[in-house]
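Okay, so here's the structure we're looking at.
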Amino acid sequence: MADAAAQHTPRSRARGTARDAADSPRAGRSRERFALFAECLLAGVWLTVAALGVVTALPALAAACGHLRRHLEARPAGMRQFLADLGAALRTGWKVGLALPVLLAVLLLNVAIARSGLPGGSVVAVLTWAGVAAALVVAIRAAASFTPGARWRDLLADAGRRAVVTDPGGSLLLFGGLAVTVVAAGQMLPLVAPALGCLAAAAVAVERRLGR
């Protein structure tokens, strides 16, 4: 009996060790996913606060995407790096940051005019909403690929090419993420920050699919 128990104990320990070894990678992946989710929430808060200046919205998105990219690459990723990226994106992209809300305002005004009883207004409204979505998707893709020193004109041109020609599937994914963000904001305002963080993560993921 004692000998059997003595033999059983090492076997039990061996099985336990093997089980722990099998669970260890799984636990590691779970921690990594949870850490990434936490970084998405943090980036969303920073993005929301930095975007309050309206003109700073696109540079703030670029900085949030840069923060998540650094986290995925195991590089230093904190408030200091976020602010540095925000400053770099704002210095080179303030004109784009100003032009985007102006363009969106003009398109939304066009929608309002189309709905005022204009003949064929429904068709015009649909086409205009499609233009709004396309402009936002291209801007998001450009922000996700921003690196300090990059020219926004080149980023937008490349993003437009990817959005339409080389990776329309990624653009559809971002459109879905954008729709979720809008719905979340409409349902409950405090959800804007986490939704924006998840949108930034989706933009980074879409660009990483292309090796960027």
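The numbers here are math on the coordinates, done by the rules we state, and not lab data. From a predicted model like this one, the values you see are computed outputs, not experimental measurements. Please note: Cβ atoms are built from the backbone with ideal geometry, for glycine as well, and neighbour counts cover all protein chains shown.
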In segment 152-169, which residues are of a type in the set (Val, Ile, Thr) and in contact with a helix residue (DSSP H, G or I) (Cβ under 7 Å, 6 or more places away or on another chain)?
-> none
Assess whether residue 69 counts as being part of a helix (DSSP H, G or I), in contact with an Asp or Glu (Cβ under 8 Å, 6 or more places away or on another chain) and either of a type in the set (Gly, Ala, Ser) or touching a residue at least 40 places away in the same chain (Cβ under 8 Å) (or both).
-> no
So residue 75, is it among the basic types (Lys, Arg), within 30 Å of residue 34 (Cβ to Cβ) and not in a helix (DSSP H, G or I) = yes
Output for segment 69-78, where each listed residue is surrounded by 11 or more Cβ atoms within 10 Å (Cβ to Cβ) and aliphatic (A, V, I, L, M) = 72, 77
Quick one: is residue 125 surrounded by 13 or more Cβ atoms within 10 Å (Cβ to Cβ), over 27 Å from residue 87 (Cα atoms) and touching a helix residue (DSSP H, G or I) at 6+ places or on another chain (Cβ under 9 Å)?
-> yes
Six or more apart or on different chains, Cβ under 6 Å: which pairs go from a residue in segment 111-125 that's touching a residue at least 12 places away in the same chain (Cβ under 8 Å) to one that's surrounded by 11 or more Cβ atoms within 10 Å (Cβ to Cβ) and assigned to a loop (DSSP other than H, G, I, E, B)? Could you list them?
-> 125/115
Could you please find all residues in segment 86-122 being surrounded by 13 or more Cβ atoms within 10 Å (Cβ to Cβ) and of a type in the set (S, T, N, Q)?
-> 92, 110
Could you tell me which residue of segment 128-159 is farthest from residue 55 (Cα to Cα), considering only residues that are surrounded by fewer than 15 Cβ atoms within 10 Å (Cβ to Cβ) and among the charged types (D, E, K, R)?
-> 154
